[in-house]
Amino acid sequence: MSKGMRGFPGMGGLGNMQGMLQKVQKMQAQMQQAQEELQARTFTATAGGGAVKVVVTGKKEVHSLVLDPQAVDPEDVEMLQDLIVAAVNEAMKEVDRVSEEEMGKITGGVKLPGM
């Protein structure tokens, strides 16, 4: 029998493959749970020293927007618009940051495509 023909080459790895498959399935379940928990959370960001406050969900949906009445200047609507955009963008970045952090705990820091 030649060296490469002993037993069934690669068959010893089936147990390892099954164990790896179970680990992947467990990781998928943990990731699903983490995503559901993240989507249930809210994230708050402000702009203009608190003149604009936005709350978004983990689903990246705006939940609420609060404007300081003093920030509402009919003569400078553009500034208010910029503050709103800045606050929303900051809240969305926070969702991404926390999501990446939580998924990193599960994957051991390995970045997975589509995550």
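Working out 0.36 nm times the residue gap between GLN18 and GLN39, then minus their Cα-Cα distance, what length gain in nm do you get to one decimal?
Result for the pair: 4.4 nm of gain on full extension.
In whole Å, how far is the Cα centre of the range 57-71 from that of the range 27-56?
The range 57-71 and the range 27-56 have Cα centres spaced 12 Å from each other.
Return the Cα extents of the range 9-79 along principal axes one, two and three, sorted largest first, each rounded to a whole Å.
Here the spans come out as 78, 21, 16 Å, largest first.
Could you state the accessible area per residue of the range 15-109 in Å², with a 1.4 Å probe and every protein chain left in place?
Per-residue value: 69 Å².
Give the aspartates and glutamates reachable from LYS53 as a straight Cα distance under 20 Å; neighbours fewer than 8 places away on the same chain don't count.
GLU61, ASP68, ASP73, ASP76, GLU78, ASP82, GLU90, GLU94, ASP96
Could you list which residues have their amide H under 5 Å from that of HIS63, counting only those 5 or more apart in sequence or on another chain, with H placed in the peptide plane?
Here the answer is VAL55, VAL56, THR57, since their amide H atoms fall under 5 Å of that of HIS63.
Express the relative contact order of the range 39-115 as a whole percentage, based on alpha carbon pairs under 8 Å and six or more residues apart in sequence.
With pairs under 8 Å counted, the relative contact order is 27 percent.
Going by average Cβ density within 10 Å per residue, which order do the peptides 24-37, 86-99 take, highest to lowest?
Averaged packing, sorted descending, gives the order 86-99, 24-37.
The values are calculated or read from the model by the stated rules, or taken from the named source; none is laboratory data. Keep in mind that this is a model prediction, so the values were computed, not measured. Neighbour counts are summed over all protein chains in view; Cβ atoms, including those assigned to glycine, are modelled from backbone coordinates with ideal geometry. Heads up: the accessible areas ignore ligands, DNA and RNA and are worked out on the full protein's heavy atoms, side chains in. Shrake-Rupley method; radii C 1.70, N 1.55, O 1.52, S 1.80 Å.
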